[in-house]
């Protein structure tokens, strides 16, 4: 959620930051005001350029358009992908800079839209994974049963040899 601060608040925040006492950092003032550190720095920079109180139309438009990539809704993402589809890499970068994006965001969004079919196939993949998991579980169960049977058979053979040694056996006697 992004907060919108009015111009008078921005001016007062910049004045407070510029007139801060010695040993007081801008970070502390930003925390105190509930503003991001980089935002306060941006306001200070704009005030030095004398653009804070009355931003230029381009800056006003940029402040309205610029938002985090994850805040873009699907319609805006699609329109941006369509807008950038016919542009060169340089023009895509320029357009992205104007809107606070990177070109990799556009590429990812394009992949997301083109892989919409993949989301329906992902349901199929999930079903396949579940079937394989069940098959794996059944095979492990069978393997465990066979290992127990083998261990039991081995134990019986060892006992049979011991009985033959203790009681004597014609089979073993003929071998010696």
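Coordinate-derived values only; no laboratory data. Remember, predicted model here, so these are calculated numbers, not experimental data. Here the Cβ is made from the backbone with ideal geometry for all residues, glycine too, and neighbour counts use every protein chain on show.
Here are the numbers for this structure:
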quantity	calculated
32, 90 arranged by Cβ crowding within 10 Å, fewest neighbours leading	90, 32
Distance from the range 8-34 to the range 91-105 (C-alpha centre basis), Å	31
Exposure proxy order (Cβ contacts within 10 Å, fewest to most) of 84, 111	111, 84
Relative contact order (percent, whole number), the range 66-114, Cα cutoff 8 Å, 6+ residue spacing	51
Alpha carbon Rg of the range 123-166, scaled by the compact-globule rule 2.2 N^0.38 Å	2.06
Ranked 112, 49, criterion: other C-beta atoms within 10 Å, fewest first	49, 112
